[in-house]
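Take a look at the structure below.
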Amino acid sequence: MHKSSQFGRCAARCAWRNACRDRPILRARARLSQGNSSQCQKIVSTRPRPISAKIIRLNRYNGPDERLLRQHRMRNKLTSYFWSGDAIRSRRVSDIVLSGAVDVPVPSARLLADWERETSSRLALEPGDVESMPLARTQARWPDYRRCVQAMIDWTCALGLPGVLASSDVALMACRGARYHYDGAQYGGAAFCNLFLSEDKGLDLHFPSTGHRIPLTRGTAVIFDPSQPHGVIQRRSDGFNVADFASDQDCIQIFLTWELSIEDARVGQALEVVFDPVPSIPLQLEEEQVWLTDAPAAVCPESGRWYRVD
């Protein structure tokens, strides 16, 4: 090839690079949509404006967290199979956790003593145990019980869930921490609504797959999908450890729990549940289960991680 032709082509390429060096590769500008100022304002696209850009090379310091990406991909593949009437139905496991604080009166000294006798003598709670308590006795001995229920009714109404508690079963529970577990094998058709009645004892309600970590104090209220792994652990801990709940430590939490129907349109919408993602139910299914992709799954009680059960 002739040298002058090569030189001409090189000069053209250099001129093209110089012309493109400062050319914006992304054009966008945003404005706030008009509307009620008390509502969240939505960002919408409008007339473009140049924005400079540069190449950022990813490394182990600024790259995406692979562990969180794996958890996200895993959550998207979790399917709960539950009884709906006389048939098994499928749904995705929700990663939404609704939490808040309501006004709960301080239980009387007599009631606290009754709870302590029940948990230490009759139940003899070991680390990680979650057991039911006599609700009728608490209702009879605590005049402010109705105030607790009313506070939860008001809270759920504020979430757009009026009347859901009135049609739901309620129970009184106690736990000495809680190993990581999921309740999809018994309560796949429910959402849990819990109200914690004990003082702050340095414990958190932890959802390891989603990252939610909720400090447990008197008046803590939560609604969540029981098919999502959860546990009650020490606030300083990253997992469940039996040694954190020694017998000489005051670490028992008392709480009320309601079972809400996951098929209630309002509950399903609040938790963003996707129903019937599986076109056909596996023929071998005769009980409620949670599957990871295409096989049953279980949860490690110490870490809360899912693993496949082959």
Wholly within segment 66-179, helices (runs of 4 or more DSSP H) carrying at least 3 residues that are of a type outside the set (Phe, Trp, Tyr) and closer than 30 Å to Pro208 by Cβ: 66-76, 145-158
Filter result (without any contact (Cβ under 8 Å) to a residue 24 or more places away in the chain, surrounded by 13 or more Cβ atoms within 10 Å (Cβ to Cβ) and of a type in the set (A, V, I, L, M, F, W, C)) within segment 288-310: Ala298
Boolean, Asp183 is acidic (Asp, Glu) and either within 20 Å of Thr220 (Cα to Cα) or open to solvent by 40 Å² or more (accessible area, probe 1.4 Å) (or both): no
Any pair with Cβ under 7 angstrom, 6 or more apart, that starts in segment 241-253 at a residue that is more than 12 Å from Gly128 (Cβ to Cβ) and ends at one that is assigned to a loop (DSSP other than H, G, I, E, B) and among the charged types (D, E, K, R): Asp250/Lys201; Gln253/Lys201
Criterion (in contact with a strand residue (DSSP E or B) (Cβ under 6 Å, 6 or more places away or on another chain), modelled with pLDDT under 95 and either open to solvent by less than 40 Å² (accessible area, probe 1.4 Å) or of a type in the set (Phe, Trp, Tyr) (or both)) met by exactly one of Leu285, Leu260: Leu285
Near pairs, Cβ below 6 angstrom, 6+ apart or cross-chain, from segment 136-154 (free of Cβ contacts under 8 Å to residues at least 60 places away in the same chain and within 15 Å of Asp103 (Cβ to Cβ)) to any residue that is open to solvent by 70 Å² or more (accessible area, probe 1.4 Å) and part of a helix (DSSP H, G or I): Tyr145/Gln139
Residue within segment 224-232 that is open to solvent by less than 10 Å² (accessible area, probe 1.4 Å), of a type in the set (Asp, Glu), over 23 Å from Leu123 (Cβ atoms) and out of contact with any helix residue (DSSP H, G or I) (no Cβ under 8 Å at 6 or more places or on another chain) present: yes
From Gly163, Gly231, Gly184, Gly189, residue being within 25 Å of Pro134 (Cα to Cα), in contact (Cβ under 8 Å) with a residue 24 or more places away in the chain and over 16 Å from the mean Cα position of the chain (by Cα): Gly189
Residue match in segment 187-203 (condition: open to solvent by 50 Å² or more (accessible area, probe 1.4 Å), within 22 Å of Ile96 (Cβ to Cβ), part of a loop (DSSP other than H, G, I, E, B) and not charged (D, E, K, R)): no
Matching residues in segment 142-169 - criterion: being among the aliphatic types (A, V, I, L, M), more than 30 Å from Trp291 (Cβ to Cβ) and open to solvent by 50 Å² or more (accessible area, probe 1.4 Å): Ile153, Ala158, Ala166
Segment 288-304, subset part of a loop (DSSP other than H, G, I, E, B) and modelled with pLDDT of 95 or more, residue nearest to Asp86 (Cα to Cα): Glu288
Residue ID - most open to solvent (accessible area, probe 1.4 Å), chosen from residues in segment 263-282 that are of a type outside the set (D, E, K, R) and within 17 Å of the chain's Cα centre (by Cα): Gln269
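The values are calculated or read from the model by the stated rules, or taken from the named source; none is laboratory data. The shown structure was predicted, so the numbers you read here are calculated from the model rather than taken from an experiment. Because the Cβ atoms are built from the backbone with ideal geometry, glycine has one as well, and the counts that use them run over all protein chains shown. Each accessible area value is taken on the protein alone, full model and side chains, heavy atoms only, with ligands, DNA and RNA left out. Shrake-Rupley method; radii C 1.70, N 1.55, O 1.52, S 1.80 Å.
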